[in-house]
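Below is one structure, written out as structure tokens, with a few remarks after it.
The values are calculated or read from the model by the stated rules, or taken from the named source; none is laboratory data. Small disclaimer: the values here were computed from a predicted structure and weren't measured. A quick note on method: Cβ atoms are made from the backbone with ideal geometry, for glycine too, and the neighbour counts reach across all protein chains shown.
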């Protein structure tokens, strides 16, 4: 079995690769070739933490993946990563476990690829200003995804701890992002000026308010993944907007602000405009007009992990470390 650490994967497998592989897997899913049982979430209330277990099988490639990811917000005080993950890739003609890889970067990368695909289709073609709300673990690859599909000129950063926003800015600049990057004092200061909004927080209160979002904005919400979490103002979740989701069933169970809107009677799951699978396989699905607010909501699904696991194995295979597992 090959083992790929994060630095090796990052060196050889990037955003453009992930976007292509996610699209390829979504086309396979549309053709009925993906078997993806719903993920299992184990919550640890004592630490405000979660562990997620996500299996998936690609019937076309005969590859299966199991990802285990833990999310421990209190790790920041221990100088440990908030999100940690591992992915096991299995070849399903003989059952051999062929690769074990660090999944933290791949989780961030595939989520960024999802937002890139949604943004490419639903953000205005001339959108060049991005607001980033929350500069934690998931946010960096989110920016890289948008930067891949739009020529960004300005990026506004907001984080509750301002010093972390400045560190994030330096990291983007070091990576080679050319846009002007501005750290601001509030979420509203960022969102009122943006044509695209990325939000990646674990908030239980809305951080993107309807009053702060201009007409025609595209929003990517990828942080809240439990029913009690909130990122997007429920006042924004109406039949007037176009709602795009990464996985319909997972979305119904885990997208907190949308579940709240359904309970309030202001919106219905029947009004989901499209899944990302639909978007990739049907080019006619696009923004309705220049004034509509489009919202992409991601809660995650195992077939997105399988997409980047297979892609990583294909690209990074020559660089893996071999270990014996009996």
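Does residue 157 satisfy the criteria of being touching a residue at least 24 places away in the same chain (Cβ under 8 Å), part of a strand (DSSP E or B) and under 30 Å from residue 75 (Cα atoms)? Judged against the criteria, residue 157 is a match. Here residue 131 does not qualify as surrounded by fewer than 23 Cβ atoms within 10 Å (Cβ to Cβ) and either more than 13 Å from the chain's Cα centre (by Cα) or part of a strand (DSSP E or B) (or both).
Contact annotation: no residue pair with Cβ atoms under 6 Å, 6 or more positions apart or on different chains, pairs a residue in region 43-65 that is at positive phi with a partner that is assigned to a helix (DSSP H, G or I) and surrounded by 16 or more Cβ atoms within 10 Å (Cβ to Cβ).
Conditions tested, residue by residue: (1) surrounded by fewer than 21 Cβ atoms within 10 Å (Cβ to Cβ); (2) touching a helix residue (DSSP H, G or I) at 6+ places or on another chain (Cβ under 8 Å); (3) under 21 Å from residue 119 (Cβ atoms); (4) assigned by TED's automatic domain parsing to the domain that holds residue 73.
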| residue | (1), (2), (3), (4) |
| --- | --- |
| 167 | yes, no, no, no |
| 170 | yes, no, no, no |
| 177 | yes, yes, yes, no |
| 181 | no, yes, yes, no |
| 202 | yes, yes, no, no |
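Restricting to region 110-124, name every residue that is assigned to a helix (DSSP H, G or I) and either closer than 15 Å to residue 317 by Cα or touching a residue at least 40 places away in the same chain (Cβ under 8 Å) (or both). Across region 110-124, the qualifying residues are 110, 111, 112, 113, 114, 115, 116, 117, 118, 119, 121, 122. If you check 154, 161, which single one turns out to be modelled with pLDDT under 95, outside the structural domain of residue 19 (by TED's automatic domain parsing), more than 19 Å from residue 232 (Cα to Cα) and surrounded by fewer than 20 Cβ atoms within 10 Å (Cβ to Cβ)? Just one listed residue meets the conditions, 161.
Scanning region 284-312 for residues being buried (at least 22 other Cβ atoms within 10 Å of the Cβ), out of contact with any helix residue (DSSP H, G or I) (no Cβ under 6 Å at 6 or more places or on another chain) and farther than 19 Å from residue 272 by Cβ gives a total of 4.
If residue 107 passes every condition in (1) in a helix (DSSP H, G or I); (2) crowded, with 24+ Cβ neighbours inside 10 Å; (3) at pLDDT 95 or above but one, which one does it miss? Of the numbered conditions (1) in a helix (DSSP H, G or I); (2) crowded, with 24+ Cβ neighbours inside 10 Å; (3) at pLDDT 95 or above, the odd one out for residue 107 is (3). Kindly check whether there is at least one residue in region 74-85 that is more than 25 Å from residue 317 (Cα to Cα) and in a strand (DSSP E or B). Checked region 74-85: no residue is more than 25 Å from residue 317 (Cα to Cα) and in a strand (DSSP E or B).
Note on region 185-202: residues that are farther than 15 Å from residue 298 by Cβ, part of a loop (DSSP other than H, G, I, E, B) and touching a residue at least 60 places away in the same chain (Cβ under 8 Å) amount to 3.
Within region 215-225, restricting attention to residues that are in a loop (DSSP other than H, G, I, E, B) and either within 11 Å of the chain's Cα centre (by Cα) or buried (at least 17 other Cβ atoms within 10 Å of the Cβ) (or both), the residue that is modelled with the highest pLDDT is 217. Residues in region 1-36 that are out of contact with any strand residue (DSSP E or B) (no Cβ under 6 Å at 6 or more places or on another chain), within 18 Å of residue 249 (Cβ to Cβ) and surrounded by fewer than 16 Cβ atoms within 10 Å (Cβ to Cβ): 3 in all.
Yes or no, residue by residue, for (1) closer than 13 Å to residue 309 by Cα; (2) outside the structural domain of residue 148 (by TED's automatic domain parsing); (3) part of a strand (DSSP E or B):
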{"site": "7", "(1), (2), (3)": "no, yes, no"}
{"site": "16", "(1), (2), (3)": "no, yes, no"}
{"site": "19", "(1), (2), (3)": "yes, yes, no"}
{"site": "24", "(1), (2), (3)": "yes, yes, no"}
{"site": "29", "(1), (2), (3)": "no, yes, no"}
{"site": "38", "(1), (2), (3)": "no, yes, no"}
{"site": "43", "(1), (2), (3)": "no, yes, yes"}
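Residue 320 falls short on exactly one of the conditions (1) in contact (Cβ under 8 Å) with a residue 60 or more places away in the chain; (2) under 18 Å from residue 122 (Cβ atoms); (3) over 20 Å from the mean Cα position of the chain (by Cα), and that condition is (2).
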